[in-house]
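Beneath this line is the structure, given in structure tokens, with notes to follow.
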Amino acid sequence: MLLQHKDGQGTPAPGTEAVSLTSVRKVYGKGAAAVTALDDVTVGIPRGSFTAVMGPSGSGKSTFLHCAAGLDTPTSGTVRLGGTDLSGMNEVKLTELRRARVGFVFQAFNLVSSLDVAQNVTLPLRLSGTRTDKRWLEEILARVGLTERAHHRPAQLSGGQQQRVAIARALITRPEVIFGDEPTGALDTVTGRDVLTLLRQAVDETGQTVVMVTHDPVAAGYADTVLFLADGRIADSMAKPSADRVAERMAVLGGRA
Amino acid sequence: MLSLAWSTLRARKGAFAGAFVALMCASALVTACGVLLETGLRGDIAAERYAGAPIIVGADQQVHWTEHKKDKVKTKSKPLTERAWLPADTVDRLQKLPGVEKVTPEVTFPARTGRGTAQGHAWDSAALTPFTLAAGRAPRTDGEVVVDARAGLRPGATVIVSATAEAKTYTVVGVTAQALPSQGSLFFSGAEALRLAGRPGQVSAIGVFPASAEKAVRDALRGTPAKVYTGDARGPLEFIDASKARVTLISMGGALGGTSLLVAILVVVGTFALSIEQRRRELALLRAVAATPRQLRRMIGREALLVGLAAGLLGAVAGLALARALRSLFLHYGVMPQNLGLVLSPFPMAAGLGATLLAGWAAARLSARRTARIRPAEALAEAAMERRRPPWARTLIGLVVLAAHITLLAVLQGLDTEAAATPVTFLAVVLAAVAVALLGPVIARVAMTLLAVPLRLSRVSGHLAAANTTANTRRLASVITPLTLAVGMACTILFVPATVGDAATRQAREGAKAEIVLAGRVPHTATDAARALPGVRAVTEIVPSTIRVGRGKYAAQGVTPEGLGQTIDPGVRAGSLDRLAEGTMAVSATAAGHMHARLGDEMRLTLGDGTPARARVTAIYDRGLGFGDVLLPYGVVAAHVDDPLPRQVLVAGGSADALREAVRAHPGVQVLTSEQAQTLRKAQQSQNTEVNLVVMGLIIAFTAIAIVNTLAMATAERNREFALLRLIGTTRRQILRMLRLETLVVALVGILLGTGIALATLAAYGAGMTGAARPAFPPLIYLAVIAAGALLALVATAVPARLALTADPAEAIGSRED
């Protein structure tokens, strides 16, 4: 499926897009020290797609992710998550929404060190007071290949295994979208590839929507679409990317920045 | 959520150890104070001497007065400080009652022998215990005595007894089969006992047999000053000091308990704040993964409850042991009578546990507020870095608390009784420490701006230390607080008695006109001998007591009025000491203010044994700390105290040698120069304050634990930082040196702040109590306090740092942050 550029021509019908941003601006600081991290970004991310967000440092990709995921509120503009408008929601409402509809995989420090693998995976369910479906948990652990390690603590796992736990945790709530913030950033090439394959499988096999911020062209190559950010704006997008083409495009963008 | 809290606790034992120790100490202190308080309120005092008499008739040992508050009338009672006696004709009345088989009148008086002070009685009343003879016979003549089984004397031995008159040698004619656990007993013949008691026409108590006569006795005595004591009530009658001990226990338990609870909350808040600060990343993750701020606060609150529960239970048990230890200490200092047993009930333990749970929970919730409120995106980004500006609300509240502290200091300047000033003093210090805790980041910033310059003189360690302390002012602030509290609290606790004591000594020295002082229990014959010596201009006998005017209690001294102006100069500002005679008194300016007394006013007094009296104010003097609140004629005071012998006799004129010769016949009487007497007085004073110091020392120890806690926690979290420093080529020695410099900076700031707080508080205390804002800071003790504080801080940093540095740096840096 291709990314739709909307150029402000009305909102698409709900149900086709997992996330949509309309004229989103995010400004940090005030007065002379103000920094515009996102500048009038309008974009829709279709359901069941794997989108990579790329851009040089300071291009606003982390802000993009935080705003899209309801971790941060934009200065102006609207963010919709599965048809729900996030503007005007307070922190508690946002948290509850994230709990139900969003999964996260961060670069590092993804897990609560005092909880074992199974406890970490079911943490969002526990926080929302939902009963854990044992079979679903087993299935997910099997999918990420950690059935044998369900009762290990994070400290006993390798970095790649820890990221797989984080993916399992993101999957457990059957979320609208999984957001990844440099999920392979702290991993070596081989284990990074495992993690990306897992995300790819989630999209292909269960129709999961995944949005991932990365600076690695190889990682971006696993996505359906790559969005390029520069100076807080969407500079370009690329469908069916390959690592080489992405790297080429990035070199141009990086040079311009 | 509880299970989440539990697994966090289990996994992060180290991070909670500090809070655990702080809470446990708090629980132990509160429990121990609760036991003391309850003992003071409800403790039974077993009768010893009166144990064998079913009914004891004695005078009311309390003073009563009524207070009118709006339309309510309240009757208040306080224990007397001296024993109230009964008129002897009560005995005749009791003898005539139906059902009464035997009536045994008793006189009690202090009888000092070479082995200490015993209680003297007549052998006729031995049955009250009952005492029986194991050897020898009863005393028949004035020169014979029966000693108790513990005295270790045999019939035929001689013993010198100094009772209320001059010392006299007695022959032991009998030894009893018994001895009382907490007092020695001496029995004289009836006539000799009456003479020694020195209270003609009065008895101290009357034993009535048998128990069945109780109703008849009560009916007959209704409306008379006599009261009937049976069962457990006999103990308090026998030991009137025990009532005083109860009051001491109640006030000490209250003050210690209250202060330690406040300190505990402060310490625990600090510890929790630090442990939460260290877990920011984990908490931020929980927020991002989907915990609402409320859930996070609840989780942290529950962790605290779990820690508090474990620490509180353990501490409560430890508190019982602490209460026992305090009891033996009080026994040692004579603050608590032997036969006042500790009351052990579940209440103090419950109070200790409850206080701990509440303190821990409140502390955790307070420290979690900001972390829980923060937006997860911010939190994730901020976790590794420090926030730039301290939140304005914190600074504002800090300023409000500081203002409260200053207000309290102003109040303190107006308080001139120890009972009122002491709690306010400690509260002021705690408030100041709270202000420091809140303003910590600001203080740290200012301090670092000043201190970074000298630190940078050292190129590696100093430079790093300056960078660390400047960049991480939050950590700096959290370790400054306990040091400030410890130094401020220690200085205040240690120097409060000295501040008053120094002023008292100064006043006593300035007002001393007599060159020579006879000390000890000085019999009148010795005084007379001194008076007859050539060159002696005036001799003043002094006996101490307490009196009450209205609801106020005042330290009174009975002094010989003749020639008083030659021996003391209490700084009379109005009236004259010359007119001091029966029916008049001199009052210190402070006490006059409390009594609302002006020169010439006639005041109603209650003397030490409860006897009402009237006295006109003929002089008002300034040196109240040195000479007591009230000066009364010697005879007026001596007739109403248990021990009427003067403790001091001031002699103006005459030579020391001649005096020494004159009192040679009176053992136990010392001839001192005025200067020696002051030293003795000071020593006695510090003996009195020592017990207070030991008790309040527990609070100092508690704050010391807090120093170790916070510094160890703050250092232990820096594992990765140390590893990084080593990997880029910093030597272990340089790192340790850097840490030492950092700690010294912390110690310097903490000590300065603590000293400032103590100085301000003591100045306000001194201004109220002594009229001069002159805090006493004995230099040696002060140096010891700050050296101990700095040393603790250094050790608490060095030990965890050395442990951290033993790890392989490459491995340490790879380890997960949490």
**Request:** Take segment B:237-285 and flag every residue that is within 14 Å of chain A (Cβ to nearest Cβ), of a type outside the set (S, T, N, Q) and part of a helix (DSSP H, G or I).
**Result:** B:ARG280, B:ARG281, B:GLU282, B:LEU283, B:ALA284, B:LEU285
**Prompt:** Can you pull out the residues in segment A:83-95 that are within 7 Å of chain B (Cβ to nearest Cβ) and surrounded by 14 or more Cβ atoms within 10 Å (Cβ to Cβ)?
**Reply:** A:GLU91, A:THR95
**Prompt:** Does segment A:111-124 hold any residues that are more than 7 Å from chain B (Cβ to nearest Cβ) and within 20 Å of the chain's Cα centre (by Cα), and which are they?
**Reply:** A:LEU111, A:ASN120, A:VAL121, A:THR122
**Asked** Within segment A:172-185, which residues are within 13 Å of another protein chain (Cβ to nearest Cβ) and either among the hydrophobic types (A, V, I, L, M, F, W, C) or not in a loop (DSSP other than H, G, I, E, B) (or both)?
**Response** A:ILE172, A:ILE178, A:PHE179, A:GLY180, A:ASP181
**Item:** Those residues of segment B:90-137 which are in contact with a strand residue (DSSP E or B) (Cβ under 8 Å, 6 or more places away or on another chain), surrounded by 15 or more Cβ atoms within 10 Å (Cβ to Cβ) and more than 29 Å from B:VAL641 (Cβ to Cβ), in sequence order
**Value:** B:VAL100, B:LEU133, B:GLY136
**Residues (without any contact (Cβ under 8 Å) to a residue 60 or more places away in the chain, on the phi < 0 side of the Ramachandran plot and not hydrophobic (A, V, I, L, M, F, W, C)) located in segment B:722-739** = B:THR731, B:ARG733
**Item:** Test: B:GLY254 is closer than 30 Å to B:LEU94 by Cα, out of contact with any Ser or Thr (no Cβ under 6 Å at 6 or more places or on another chain) and not β-branched (Val, Ile, Thr)
**Value:** no
**Request:** Please work out if B:LEU256 is hydrophobic (A, V, I, L, M, F, W, C), crowded, with 20+ Cβ neighbours inside 10 Å, touching a Cys at 6+ places or on another chain (Cβ under 6 Å) and assigned by TED's automatic domain parsing to the domain that holds B:GLU303.
**Result:** yes
**Asked** Has segment A:125-146 got any residue that is within 14 Å of another protein chain (Cβ to nearest Cβ) and of a type in the set (A, V, I, L, M)?
**Response** yes
**Request:** Please work out if B:ALA193 is in a helix (DSSP H, G or I), closer than 29 Å to B:PRO87 by Cβ, touching a strand residue (DSSP E or B) at 6+ places or on another chain (Cβ under 8 Å) and not β-branched (Val, Ile, Thr).
**Result:** yes
**Prompt:** What number goes with the only condition from (1) in the same structural domain as B:PRO561 (by TED's automatic domain parsing); (2) assigned to a helix (DSSP H, G or I) that B:VAL500 does not pass?
**Reply:** (1)
**Request:** Kindly provide the set of residues from segment A:151-172 that are crowded, with 24+ Cβ neighbours inside 10 Å, among the β-branched types (Val, Ile, Thr) and in contact with a strand residue (DSSP E or B) (Cβ under 9 Å, 6 or more places away or on another chain), ordered by number.
**Result:** A:ILE167
**Asked** Going by the structure shown, is B:ARG720 surrounded by fewer than 18 Cβ atoms within 10 Å (Cβ to Cβ) and at pLDDT below 80?
**Response** yes
**Asked** Does B:ALA288 fit the bill of being within 14 Å of another protein chain (Cβ to nearest Cβ), part of a helix (DSSP H, G or I) and touching a strand residue (DSSP E or B) at 6+ places or on another chain (Cβ under 8 Å)?
**Response** yes
**strands (runs of 3 or more DSSP E) contained entirely in segment B:54-145, each with at least 1 residues that are in contact with an Asp or Glu (Cβ under 9 Å, 6 or more places away or on another chain) and either closer than 30 Å to B:GLY550 by Cα or in the same structural domain as B:THR611 (by TED's automatic domain parsing) (or both)** = B:55-59, B:72-79, B:109-113
**Any chance A:ARG98 is crowded, with 18+ Cβ neighbours inside 10 Å, away from chain B (no Cβ under 13 Å) and not aromatic (Phe, Trp, Tyr)** = no
**Asked** Pairs under 7 Å by beta carbon, first residue assigned to a helix (DSSP H, G or I) in segment B:791-808, partner of a type in the set (Ser, Thr, Tyr), six or more apart or different chains?
**Response** B:ALA793/B:THR743; B:LEU794/B:THR743; B:THR797/B:THR715; B:THR797/B:THR743; B:PRO800/B:THR715; B:ALA801/B:THR715
**Request:** Could you grab me the full set of residues in segment B:753-776 that are surrounded by fewer than 17 Cβ atoms within 10 Å (Cβ to Cβ) and either within 29 Å of B:VAL453 (Cβ to Cβ) or under 21 Å from the mean Cα position of the chain (by Cα) (or both)?
**Result:** B:GLY756
**Request:** Please give the number of the condition B:ARG623 fails out of (1) within 29 Å of B:GLY198 (Cβ to Cβ); (2) assigned by TED's automatic domain parsing to the domain that holds B:PRO534; (3) among the basic types (Lys, Arg); (4) in contact (Cβ under 8 Å) with a residue 24 or more places away in the chain.
**Result:** (1)
**Message:** Considering only segment B:346-366, I want to know if a residue exists there that is assigned by TED's automatic domain parsing to the domain that holds B:LEU285, at pLDDT below 85 and polar (S, T, N, Q).
**Reply:** no
**Asked** Do you know which of the residues in segment A:70-82 that are surrounded by fewer than 21 Cβ atoms within 10 Å (Cβ to Cβ) and closer than 20 Å to A:THR173 by Cα is farthest from the other protein chains (Cβ to nearest Cβ)?
**Response** A:ARG80
**Request:** Taking A:ALA220 as the residue in question, decide whether it is surrounded by fewer than 23 Cβ atoms within 10 Å (Cβ to Cβ) and in contact (Cβ under 8 Å) with a residue 24 or more places away in the chain.
**Result:** no
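The values are calculated or read from the model by the stated rules, or taken from the named source; none is laboratory data. None of these values were measured; they are calculated from a predicted model. Cβ: placed from backbone, ideal geometry, glycine included. Neighbour counts: every protein chain shown.
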